[in-house]
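Asker: Take a look at the following structure, please.
The values are calculated or read from the model by the stated rules, or taken from the named source; none is laboratory data. The structure presented is a predicted model; accordingly, all values stated were derived computationally and were not measured. All Cβ positions, glycine included, derive from the backbone under ideal geometry; neighbour counts span all protein chains shown. Surface accessibility is based on the protein's heavy atoms, side chains included, excluding ligands, DNA and RNA. Shrake-Rupley method; radii C 1.70, N 1.55, O 1.52, S 1.80 Å.
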Amino acid sequence: MATANETKTSSYRVIGTRPIRHDGVDKVTGRAVYGNDVQLPGLLYGRVLRSPHAHARIRSIDTTKAEKLPGVFAVISSADIDPHESKMAELGEGSVNLQYLCENVLARKKVLYKGHAVAAVAAVNAHVAEEALKLIEVDYDPLHAVTWVLDAMKDDAPILIDDLKTEGAPLPHSKGPTNIAQHIVFSKGDIEKGFAEADVIIEREFKSATVHQGYIEPHVATALWSPDGHLSIWASTQGSFTCRQQTAELLALPVSKVTVTPCEIGGGFGGKIRVYIEPIAALLSKKSGRPVKVLMNRADVFESTGPTPGSFIRVKLGAKRDGRLVAGDAWMAYDAGAYPAGIIGPGCVCVFSCYDLPNARVEGFDVVLNKPQTAAYRAPGSTNAAFACETVIEELAEKLGIDPIEFRLKNAAKEGTRRPDGPAYPVIGLVETLKTAKAHPHYSATLEGPNRGRGVGCGFWMNAGLKSSVTAHVNGDGTVTLVEGSTDIGGTRTSIAMQLAETLGITAEEVVPRVVDTDSVGYTDVTGGSRTTFATGWAAHDAAIDIVKQMSARAAEFWKCSPDEVTFDRGLFSSKSHALTFKELAGKIQETGGTITGRASVEAKGVGATFGTHIVDVEVDPETGKVKILRYTAVQDCGRVIHPSYAEGQIQGGVVQGIGWALNEEYVYDADGRMRNASMLDYRMPTAVDVPTIEPVMVEVPNPRHPYGVRGVGEVPICPPPAAIGAAIYNAIGIRMYELPMSPPKVCQAIINEASAK
Amino acid sequence: MVEPIDTTMRLGRRSFLKGSGVAAAAATVAGTMAEEVAHGADAAPPSSGPGAVEITLSVDGKELKSSIEPRVTLLDALRDYLNVTAAKRVCDRGTCGACTVLIDGKSIYACSMLAIEAQGKKITTARGLMKGDELHPIQQIFWEKDASQCGFCTPGFVTACAAVLAKNPKATFEDMKRAVDGNICRCGTYEQMFQVFEQLTGKGA
């Protein structure tokens, strides 16, 4: 089947334009229906009792008093859910072990972090539910907690999961119980030989604090378990089918007995893929016979849902005097959190992904410890890795006396470069972003004044493809209703509709995109992995081709000619003697056999990886250690850009989160493993007064394997900021920072240490 | 910048007591479920605080009545009792701005005020900023400039901006920026909001 690329030249009519989003009015007026806006007759309010201890054995749970409180309709604990065997379920971007998922949803025998769910109540209102929680008696036997990844790897560390076995590469010295869930080793060439050839070698150690995705909408789920055994869930989720599958597996229901309606979603960034409260709402509904809405409060979100890993990373790089990298060695330990999480995997892939290293070794560990089970966060694992690798790259460039962008250009990965984990790159755009950054006026602009400096940094994300389905109905007025399963987090209704519109030769406004429940569209993976515009857009393209084929046949019928004689170009169907626009023909389809529906399901291969190069100017206050961002330029290979405003918005949004990660955000733990800053006041995310104007510069290196050349855009922009800002701080005050966040106390301490060393 | 709220309680002891036996307040989610509500209400416990009282709130130009316990915040009253959902519940602690509403034209975190305190005042949510089917000029520009991604914080930002402009039509770009420094947008659409502020304040319009 012809792709649009083959049927048309380079000039697109919809792609590359900036139509106003379809759901914009609902968003600015507060009419859009998010998970917590769902109301059902007889709705009960669910609340979850959470562990006050970071690590404890549960001796007993007594819910009797809570059950007797008037206004309480149901109380549940792990006794209400059958245990699961250790079995993996695929979730699109990642997979999940059902035993651990089940124990994370409701703790069984042990609690593994402060905030671990222990029991839940459904009551007539939230106040009664909260009062009932206080009446549940849990007898805990507190155990020692461990929250620093290197401590959790020690032989005498408290063990969280007694029967945990290390997966992956063998660990020769490991014996007995362990917290190491996974051990990864990638290697390429011969690093000993490589380092022996090096003229300069630099080795550094890096720490990153745990940070949270920080989506402002708390997790919320409303469940109605009907007497006929059908379960309906309205959820805030990045993937309705993923939510359906996990819930069905945990509750031992066939997926066909569960309907998940994805509501509008108030952010996710990777953190709304795993289920937490959906099965709890379902069980409370089953027990009470009423619909139940479970809503997390903000502390629950911080303490009980996936942050992204804290980490320890050691990176060693060697280069020749001429600036050629010859060897790299990385040793990386990432928090898994309470259960194996595997974000170390992409971390290991990403650490050297920007460079052509002839000899490399990467060793990684996924380490269980007393924090919430970690989850994906925008390019999961890559930002920690980029901070480490890019900082060493900067130091090497300085030592060799080479301009930092020039040094990167000498070693940049390109088509054919083989990463240490195996794959060789297809067409990629790192070199283009570096050249564009070097030529950008920001890079050569004068930066004057004390304590000011400029830094650069690169980042990589692999992006995902996965499965997407759409159906598209042609309406008699020439509009097309686009039915899709991809939760719209930041404008994908429009970016997908634009690809359908381009293919059909109609306007974006003539497409009516609808995100529907799991019974109303084919299987679609999560909105995550920067895959939605890429893969669901691809499905929309294919559905449009299906429509064109069917409408050409109708035109032939109408014109009494062979379908082969009908051609289609930019919204016009024509034969030798006839022509009808898409809209005109749409008006006649009811006379010629009825409705036309295009369908497509894709398993999108040919994913295009994305790279970014960022430039940042900072000013450091030597008294307080506060770092102010003066100017920020983010260059990114975006593949073919569908909607420039959305691509720019993704870049800017990623940078804002990267700035927060670099300068402020962290989980602060006390000695007993309790998070001390579980509020939006104390866990400080950037506001309008913290960020400067961020200039996005989009380089378009189209992905040759997508019908419209799309690459994922959303994740990579979070990766370069910490390293780029670290480099800028060094150039401002002459001090290298090796720990995130580079918050005022840490920068201040570094300045004091430096002064006392002199 | 959020104005300090008036915390003077205008409800006398009598009014508290008056409502205490009438537990009809409980779970008055939409008005379409009288039977279910009554069922829940019958089972509602004697509250650990004063019982429910009949209150009337003027919300987005409509007088809405409900029976609400004095401990219920304005935000929860709007969302869970009056089915007005434009103000969003995010932190419930006055730290994020997503629940910003106008009280007599001033921006207030609805999570940090009790519903009973809001009686007799004019409450406006993002929904109520519209004139009929027409968007408020701020909403129109937010929409055109695409100053939202997920949209969850948007009603709060729009209302905070409306408050500062209502108070000072000549507000500067910096005034606008300060007006939203108590609001968090995690999608990071600040750049688009800056464009909105520029247009609203005539700078670069």
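Asker: Just name the residue that is farthest from A:HIS442 (Cα to Cα) out of those in the range A:470-494 that are touching a strand residue (DSSP E or B) at 6+ places or on another chain (Cβ under 8 Å) and open to solvent by 10 Å² or more (accessible area, probe 1.4 Å).
Answerer: Among those residues, the one meeting the criterion is A:ASN475.
Asker: Filter the range B:110-123 down to residues that are open to solvent by less than 20 Å² (accessible area, probe 1.4 Å) and not in a loop (DSSP other than H, G, I, E, B) and give me whichever is nearest to the other protein chains (Cβ to nearest Cβ).
Answerer: Among them, the one singled out is B:CYS111.
Asker: Within the range A:562-583, which residues are loosely packed, with under 15 Cβ neighbours inside 10 Å, in contact with a strand residue (DSSP E or B) (Cβ under 9 Å, 6 or more places away or on another chain) and in contact (Cβ under 8 Å) with a residue 24 or more places away in the chain?
Answerer: A:LEU572
Asker: So which residues in the range A:687-699 are facing chain B (nearest Cβ under 7 Å) and not β-branched (Val, Ile, Thr), if there are any at all?
Answerer: The first filter runs over the range A:687-699 and keeps only residues facing chain B (nearest Cβ under 7 Å), leaving A:687-689, A:691, A:693-694.
A:ALA688 - this is the single residue of the range A:687-699 that is facing chain B (nearest Cβ under 7 Å) and not β-branched (Val, Ile, Thr).
Asker: Would you mention how many residues in the range A:111-152 are of a type in the set (A, V, I, L, M, F, W, C) and out of contact with any strand residue (DSSP E or B) (no Cβ under 6 Å at 6 or more places or on another chain)?
Answerer: Qualifying residue count for the region: 7.
Asker: Return yes when A:TYR669 is out of contact with any His (no Cβ under 6 Å at 6 or more places or on another chain), touching a residue at least 12 places away in the same chain (Cβ under 8 Å) and surrounded by fewer than 24 Cβ atoms within 10 Å (Cβ to Cβ) and no when it is not.
Answerer: For A:TYR669, the condition - out of contact with any His (no Cβ under 6 Å at 6 or more places or on another chain), touching a residue at least 12 places away in the same chain (Cβ under 8 Å) and surrounded by fewer than 24 Cβ atoms within 10 Å (Cβ to Cβ) - is met.
Asker: I need the helices (runs of 4 or more DSSP H) fully contained in the range A:420-507, keeping only those with at least 3 residues that are under 21 Å from the mean Cα position of the chain (by Cα). Please lay out each step first, then the result.
Answerer: On the way: elements: A:430-439, A:441-444, A:492-504.
Once the helices (runs of 4 or more DSSP H) in the range A:420-507 are filtered for at least 3 residues that are under 21 Å from the mean Cα position of the chain (by Cα), what remains is A:492-504.
Asker: Looking at the range B:154-178 only, could you name the residues that are facing chain A (nearest Cβ under 9 Å) and open to solvent by 10 Å² or more (accessible area, probe 1.4 Å)?
Answerer: Within the range B:154-178, B:LYS177, B:ARG178 qualify.
Asker: Also: Does A:SER236 fit the bill of being within 14 Å of another protein chain (Cβ to nearest Cβ) and among the hydroxyl-bearing types (Ser, Thr, Tyr)?
Answerer: yes
Asker: Also, I was wondering about something else. Which residues, counting only those in the range A:689-700, are modelled with pLDDT under 95 and either in contact with a strand residue (DSSP E or B) (Cβ under 8 Å, 6 or more places away or on another chain) or not β-branched (Val, Ile, Thr) (or both)?
Answerer: Once the filter is applied, which keeps residues that are modelled with pLDDT under 95 and either in contact with a strand residue (DSSP E or B) (Cβ under 8 Å, 6 or more places away or on another chain) or not β-branched (Val, Ile, Thr) (or both), the range A:689-700 yields A:ASP690, A:VAL691, A:PRO692, A:THR693.
Asker: Tally the residues that are more than 18 Å from the chain's Cα centre (by Cα) and within 7 Å of chain A (Cβ to nearest Cβ), restricting the search to the range B:136-153. Let's see the steps before the verdict.
Answerer: Within the range B:136-153, the subset more than 18 Å from the chain's Cα centre (by Cα) is B:137, B:140-150.
Those still in the list that are within 7 Å of chain A (Cβ to nearest Cβ) too: B:142-144, B:146, B:148-150.
Going through the range B:136-153 one residue at a time, the tally reaches 7.
Asker: Would you please name the residue that is farthest from A:GLY35 (Cα to Cα), looking only at residues in the range B:71-90 that are of a type outside the set (D, E, K, R) and open to solvent by 10 Å² or more (accessible area, probe 1.4 Å)?
Answerer: If we take residues in the range B:71-90 being of a type outside the set (D, E, K, R) and open to solvent by 10 Å² or more (accessible area, probe 1.4 Å), then B:THR73 is farthest from A:GLY35 (Cα to Cα).
Asker: Yes or no: A:SER226 among the hydroxyl-bearing types (Ser, Thr, Tyr) and closer than 30 Å to A:THR417 by Cα?
Answerer: Against the criterion (among the hydroxyl-bearing types (Ser, Thr, Tyr) and closer than 30 Å to A:THR417 by Cα), A:SER226 does not qualify.
Asker: Are there any strands (runs of 3 or more DSSP E) wholly within the range A:560-677 with 1 or more residues that are among the β-branched types (Val, Ile, Thr), and if so which?
Answerer: It comes to A:567-569, A:579-581, A:597-603, A:610-620, A:627-637.
Asker: Based on this model, can you work out whether A:VAL105 counts as more than 14 Å from chain B (Cβ to nearest Cβ), within 19 Å of A:ALA223 (Cα to Cα) and crowded, with 24+ Cβ neighbours inside 10 Å? Break it down into steps so the answer makes sense when it comes.
Answerer: Numbers: more than 14 Å from chain B (Cβ to nearest Cβ): yes; within 19 Å of A:ALA223 (Cα to Cα): yes; crowded, with 24+ Cβ neighbours inside 10 Å: yes.
It is true that A:VAL105 is more than 14 Å from chain B (Cβ to nearest Cβ), within 19 Å of A:ALA223 (Cα to Cα) and crowded, with 24+ Cβ neighbours inside 10 Å.
Asker: So, in the range B:92-109, how many residues would count as being within 12 Å of chain A (Cβ to nearest Cβ) and open to solvent by less than 10 Å² (accessible area, probe 1.4 Å)?
Answerer: Result for the range B:92-109: 6.
Asker: State all residues of the range A:361-404 that are surrounded by fewer than 24 Cβ atoms within 10 Å (Cβ to Cβ), in a strand (DSSP E or B) and touching a helix residue (DSSP H, G or I) at 6+ places or on another chain (Cβ under 7 Å); if no residue qualifies, say none.
Answerer: Result: A:ARG361, single match.
Asker: Could you list, in sequence order, the residues of the range A:422-449 that are under 18 Å from A:LEU325 (Cβ atoms) and open to solvent by 40 Å² or more (accessible area, probe 1.4 Å)?
Answerer: Once the filter is applied, which keeps residues that are under 18 Å from A:LEU325 (Cβ atoms) and open to solvent by 40 Å² or more (accessible area, probe 1.4 Å), the range A:422-449 yields only A:ALA424.
Asker: Would you tally the residues in the range A:508-535 being outside any loop (DSSP other than H, G, I, E, B) and open to solvent by less than 20 Å² (accessible area, probe 1.4 Å)?
Answerer: Here the count works out to 6.
Asker: Could I ask something else about it? If you take the residues of the range A:208-233 that are under 22 Å from A:ARG378 (Cα atoms) and touching a Leu at 6+ places or on another chain (Cβ under 7 Å), which of them is nearest to the other protein chains (Cβ to nearest Cβ)?
Answerer: Out of the qualifying residues, it is A:PRO218.
Asker: Follow-up question, since we're still on this one. Can you pull out every residue in the range A:539-561 that is open to solvent by 40 Å² or more (accessible area, probe 1.4 Å) and touching a helix residue (DSSP H, G or I) at 6+ places or on another chain (Cβ under 8 Å)?
Answerer: A:ALA553, A:GLU557, A:PHE558
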